[in-house]
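Please read the structure below before turning to the comments.
The values are calculated or read from the model by the stated rules, or taken from the named source; none is laboratory data. Remember, predicted model here, so these are calculated numbers, not experimental data. As a convention, Cβ positions derive from the backbone with ideal geometry for all residues, glycine included, and neighbour counts pool all protein chains shown.
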Amino acid sequence: MANDYLNKINKKETNKILVSLRLFALKNNVPIITLEGMNFLNQIIKINNVKNILEIGTAIGYSSINMALNSNVNIVTIERDEEMYKLAQKNINENSLQSQISVVYEDALKTNELQLGEFDLIFIDAAKAQSINFFNKFKSILTKKGIIITDNLLFHGLIDTEVKSRDLKQLLRKIDNFNKFVVEQDDFDTYIYEIGDGMSLSIKKV
Ligand code: SAH
Ligand code: MG
C-alpha cells in the first residue's frame, strides 16, 4: 500500500507514454492500476516468462500498454465501455502497439472465451462484483500452471471497514466473497497480497 518510504526509494515511472497515460487517468478519474501493482505484475510476467495475456477490463489501455512495453508479450484485452474502448484503441495505435495488443469491445461475461485462444496469465480488473464469474469463466482457457491475478481486492482499504452507503456495502461484500472464494479454489494455490489496491496471485496446480 502507499508507503512514503518505499515511494521515495523505488524508481518512479519515467516512460513518457506511461506518465502521460497515468496523468490522463488521474485527471479523468479512470481507475488504473497503481504503480506498485503494475511493477508486481510486470515482474511476475518476467519471472514466469509469460507470453500470452488475457486482460479483463482495458479502460484507457494503461496496464496493457505497460505490459507490452515491459516485455515481448501478446495481449488480448476486453472492454465493454465504448468510450474506453475507443480511447484504448487510440492510445495503442498512437504507440504502434497493435501487433502486441488486441482490444475486444464486448462485455467479458458474454465473450465466447473458447475463441480467444489460451493464456498463461489472466489479469482480472473489471467490474469488481463480477470477479467470481470472470474467474470461473476464463480459468478454462488458462494454460497448465498458468496464473490468474485479480486487482482491487482491498478496495482502497475499505474492505474490512463499516461504510454507510448501501451500494458500497454490497460491493465490499462481493469483493469479500471473491477473496474467500479465490483462496479456497483447490485447483489453484492462491494468496492475496497487500500490493497496490490488493492483488491475488493464483497459480494453477497442474
Ligand atoms: N486494467 C486497467 C483498468 C481497468 S478499469 C488499468 O489498470 O489500466 C475497469 C474497466 O473494466 C472499466 O473500463 C470498465 O468499463 C471495464 N469493465 C467492467 N466490467 C466489464 C465487463 N463485464 N466486460 C468488459 N469490461 C468491463
Ligand atoms: Mg484495478
**Q.** Looking only at region 61-82, and only at residues there that are within 12 Å of ligand 1 (Cβ to nearest atom), part of a loop (DSSP other than H, G, I, E, B) and of a type outside the set (Asp, Glu), the one that is nearest to the chain's Cα centre (by Cα)
**A.** GLY61
Q: State whether one or more residues within region 105-125 are in a helix (DSSP H, G or I), of a type outside the set (Asp, Glu) and out of contact with any helix residue (DSSP H, G or I) (no Cβ under 9 Å at 6 or more places or on another chain).
A: yes
Q | region 83-141, residues that are without any contact (Cβ under 8 Å) to a residue 24 or more places away in the chain, farther than 27 Å from LEU168 by Cβ and either within 13 Å of ligand 1 (Cβ to nearest atom) or in contact with a Phe, Trp or Tyr (Cβ under 8 Å, 6 or more places away or on another chain) (or both) | A | LYS86
Q. When region 140-160 is examined, which residues are found to be modelled with pLDDT of 95 or more and either more than 15 Å from ligand 2 (Cβ to nearest atom) or acidic (Asp, Glu) (or both)?
A. SER140, ILE141, LEU142, THR143, LYS144, LYS145, GLY146, ILE147, ASP151
Q. Which condition breaks for GLN100 when tested against (1) buried (at least 18 other Cβ atoms within 10 Å of the Cβ); (2) of a type outside the set (Val, Ile, Thr); (3) within 15 Å of ligand 2 (Cβ to nearest atom)?
A. (3)
Q: Check off (1) more than 16 Å from ligand 2 (Cβ to nearest atom); (2) out of contact with any Asp or Glu (no Cβ under 8 Å at 6 or more places or on another chain); (3) within 25 Å of ILE147 (Cα to Cα) for ASP4 and give me the number that stays unchecked.
A: (3)
Q.
For region 118-144: of the residues being within 12 Å of the chain's Cα centre (by Cα) and aliphatic (A, V, I, L, M), which is surrounded by the most Cβ atoms within 10 Å (Cβ to Cβ)?
A. ILE124
Q: Search region 67-93 for residues being of a type in the set (S, T, N, Q) and out of contact with any Lys or Arg (no Cβ under 9 Å at 6 or more places or on another chain), and hand back the single one that is surrounded by the fewest Cβ atoms within 10 Å (Cβ to Cβ).
A: ASN93
**Q.** Scan of region 43-60 for residues that are more than 12 Å from ligand 1 (Cβ to nearest atom), within 26 Å of LEU6 (Cβ to Cβ) and either surrounded by 15 or more Cβ atoms within 10 Å (Cβ to Cβ) or touching a residue at least 60 places away in the same chain (Cβ under 8 Å) (or both), ordered by number
**A.** ILE44, ILE45, ASN48, VAL50
